[in-house]
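S.K.: Please read through the structure below; I'll follow up with questions.
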Amino acid sequence: MTIRFTSLEERIDHAAHRVLDRLPASGISGSLIEFIVFGLKQAWACLFGGIMLFLIMATRVAWPDDAWLARYDFVFLCALAVQIAMLAFKLETVGEAKAIFLFHLVGTGMELFKTAAGSWVYPEEAFFRIGGVPLFSGFMYASVGSYLARVSRIFDFRFSGYPPFWTTVVIAVAIYINFFSHHYIVDLRYGIFAVTAVLFARTWVHYRVFRFRHRMPLLLGWFLVTLFIWFAENIATWSHAWLYPAQQGGWTPVSTAKIGSWDLLMIISFVLVTLVHRPKAMASESTR
């Protein structure tokens with residue numbers, strides 16, 4: 001049986017229904033209610049990522065230069081505590097924790113290679129690190145995994161026109177390999193984009209907000225999430241969580257070219273989550 005809400009979320013959902021069920025279901029008022037609930041659920045799905053971004057911003061502004069504990073180590077220990085607390089207080093499921101662990105492995109592997117290749121740097125010191133990679137960085141990838149796992153559960157994602165599962169795994173592996181291999185051979189990302197577009201061209205994600213199911217092309221959904229990640233990356237680099245070569249002489253906005261890289265990472269992230277929460281087909285149901 002698929003778990004849609006944790007025990008805590010069930011109580012929140014029942015309390016919300018006691019209020020929202022009395023409100024209009026049609027017209028502008030009904031649409032406004034759906035929109036508000038959509039925003040609240042998205043914020044709830046972003047809980048871990050939001051906490052991480054807050055920690056990075058707050059320590060950038062307030063962390064003392066002479067502190068005995070390095071800023072990166074403080075963020076790492078806080079992220080670890082938050083992860084434990086989210087499990088203990090039923091804010092996430094065990095399945096989501098498994099997805100987050102996968103993101104740590106995949107993300108840390110890429111971080112070790114990319115920092116060695118000079119793609120970006122972590123400019124501050126840290127005790128909890130592997131090579132040039134502070135361990136809090138794994139939680140940044142985990143934030144994406146946490147969001148995708150939680151949003152698919154909270155919105156009860158269903159799919160139509162979803163390609164064979166094995167093909168999605170192959171494309172995700174190809175993307176991951178290309179993140180490394182393009183340093184040595186031709187970059188295959190444009191070919192991968194084309195194959196992905198063909199593979200998912202007919203795929204729609206159907207999601208329940210409150211009273212109704214809505215739908216969106218999956219490719220569009222990925223792109224919108226990618227934009228938000230790119231905005232968050234600008235905040236993170238401004239906060240010196242990491243820096244690209246062009247930012248080391250003084251902060252500048254992250255290049256829009258990185259949107260393509262994040263879109264590819266989004267595809268990997270989505271497929272990793274489906275290893276834990278397999279995509280479910282859309283049954284006949286009212287959609288708008």
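S.K.: Against the longest alpha carbon principal axis of the chain, how many degrees, from 0 to 90 and to the nearest 10, is the axis of helix 165-181 turned?
M.R.: Orientation of helix 165-181: about 20 degrees from the principal axis.
S.K.: Could I ask something else about it? To test your reading of the geometry: what angle, between 0 and 90 degrees and rounded to tens, separates the Cα axis of helix 218-238 from the longest principal axis of the chain?
M.R.: 40 degrees
S.K.: I've got another one for you. Among residues other than ILE229 whose Cβ falls under 13 Å from its Cβ, what is the net charge (Lys/Arg +1, Asp/Glu -1)? The partial results should precede the final answer.
M.R.: On the way: positive: LYS258; negative: GLU233, ASP263.
Net charge in that neighbourhood comes out at -1.
S.K.: Would you grab the residues whose amide H sits under 5 Å from the one on ILE130? Only those 5+ places off in sequence or on another chain, please, with H modelled 1.01 Å from N.
M.R.: Placed amide hydrogens put LEU135 under 5 Å from ILE130.
S.K.: For LEU220 and LEU20 in the same chain, what is the full-extension length gain: residue separation times 0.36 nm, less their Cα-Cα distance, in nm? The partial results should precede the final answer.
M.R.: On the way: separation 200, 0.36 × 200 = 72.00 nm, distance 2.91 nm.
Answer, rounded to one decimal: 69.1 nm.
S.K.: Please work out the FRET efficiency for the pair PHE212 and PHE54, using the Cβ-Cβ distance as r and a Förster radius of 45 Å; give the result to the nearest 0.05. Walk me through the numbers before you get to the answer.
M.R.: Details: r = 32 Å, r/R0 = 0.72.
Efficiency for this residue pair is about 0.90.
S.K.: So what are the chain's ellipsoid semi-axes, whole angstrom, largest first, if each one is the square root of 5 times an eigenvalue of the alpha-carbon gyration tensor? Walk me through the numbers before you get to the answer.
M.R.: Working: eigenvalues 215, 123, 58 Å².
Each semi-axis is √(5λ); the values are 33, 25, 17 Å.
S.K.: What trypsin sites (Lys or Arg not before Pro) in segment 6-70 are in a loop by DSSP, with at most 11 other Cβ atoms within 10 Å of the Cβ?
M.R.: Numbers: sites: ARG11, ARG18, ARG22, LYS41, ARG60; in loops: ARG22.
Filter output for segment 6-70: ARG22.
S.K.: Select from TYR207, PHE127, VAL170 the residue farthest towards the positive end of the dipole of segment 28-276; place +1 on Cβ of Lys and Arg, -1 on Cβ of Asp and Glu, and compute about the Cα centre.
M.R.: Checked the options; the winner is TYR207.
S.K.: Charges at C-beta only: +1 for Lys and Arg, -1 for Asp and Glu. How large is the resulting dipole of segment 28-276 about its Cα centre, in Debye rounded to 20?
M.R.: On the way: 17 positive and 13 negative charges, 202 e Å.
Value, rounded to 20: 980 debye.
S.K.: Something else now. Just the number, please: percent antiparallel of the DSSP beta bridges in the chain, rounded to the nearest 5. Spell out each step's value before the answer.
M.R.: Values: 11 of 13 bridges.
For the chain, the DSSP antiparallel bridge percentage is about 85.
S.K.: Can you tally the net charge around THR59? Count Lys and Arg as +1, Asp and Glu as -1, for every other residue whose Cβ sits under 13 Å from the Cβ of THR59. Walk me through the intermediate numbers first.
M.R.: Details: positive: ARG60, ARG71; negative: ASP65, ASP73, GLU124.
Around THR59, the surrounding residues sum to -1.
S.K.: Give the distance, in whole Å, between the Cα centre of segment 109-133 and the Cα centre of segment 35-55.
M.R.: Between the Cα centre of segment 109-133 and that of segment 35-55, the gap is 28 Å.
S.K.: I'd like the FRET efficiency for THR167 and GLU125, computed as 1/(1 + (r/R0)^6) with the beta carbon distance as r and R0 of 51 Å, rounded to 0.05.
M.R.: Details: r = 44 Å, r/R0 = 0.86.
Calculated value: 0.70.
S.K.: Can you tell me the length gained on complete extension of the stretch ARG11 to TYR190, counting 0.36 nm per residue apart and subtracting the Cα distance? Spell out each step's value before the answer.
M.R.: Numbers: separation 179, 0.36 × 179 = 64.44 nm, distance 4.60 nm.
Result for the pair: 59.8 nm of gain on full extension.
S.K.: Nothing charged except the Cβ atoms of Lys and Arg (+1) and of Asp and Glu (-1): what's the magnitude of the dipole of segment 206-288 about its Cα centre? Round to the nearest 20 debye.
M.R.: Numbers: 8 positive and 3 negative charges, 111 e Å.
Roughly 540 debye for segment 206-288.
S.K.: Let me ask something else. Can you give the helix-only mean residue ellipticity at 222 nm for the chain, where every DSSP H stretch with n ≥ 4 adds -39500 (n - 2.57) and the sum goes over all residues, rounded to the nearest 500 deg cm²/dmol? The partial results should precede the final answer.
M.R.: On the way: 10 runs with 177 residues, N = 288.
After summing the helix terms and dividing by residue count, I get -21000 deg cm²/dmol.
S.K.: Estimate the FRET efficiency between ALA88 and LYS280 by the formula 1/(1 + (r/R0)^6), using the beta-carbon distance for r and 25 Å for R0, to the nearest 0.05. Walk me through the numbers on the way to the answer.
M.R.: Numbers: r = 28 Å, r/R0 = 1.13.
Given R0 = 25 Å and the Cβ-Cβ separation, E is 0.35.
S.K.: Another question, then. Could you work out how far apart the two model spin labels at THR252 and ALA62 are, taking each label as a point 7 Å from the Cα in the direction of the beta carbon, and quote it in nm?
M.R.: According to this spin-label approximation, the distance is 3.3 nm.
S.K.: Further question: Could you order the peptides 182-194, 92-104 from most to least packed, using the average number of other C-beta atoms within 10 Å per residue? The partial results should precede the final answer.
M.R.: Details: 182-194: 12.2, 92-104: 19.5.
Going from most to least packed, we get 92-104, 182-194.
S.K.: Taking LYS280 as the anchor, which lysines have their alpha carbon closer than 24 Å to its alpha carbon, excluding any fewer than eight residues away along the same chain?
M.R.: LYS41, LYS90, LYS98
S.K.: Would you pull out the residues with amide H under 5 Å of ARG213's amide H, same chain only if 5 or more places away, H placed 1.01 Å from N?
M.R.: ARG288
S.K.: Roughly how tilted is helix 71-88, in degrees to the nearest 10 and between 0 and 90, from the longest Cα axis of the chain?
M.R.: Relative to the chain, helix 71-88 is tipped by roughly 30 degrees.
FYI, it's all coordinate maths here, none of it is from the lab. For clarity, every value in this text was computed on a predicted model and none was experimentally measured. Positions of Cβ are generated from backbone atoms using ideal geometry, with glycine treated the same way; all protein chains shown enter the neighbour counts.
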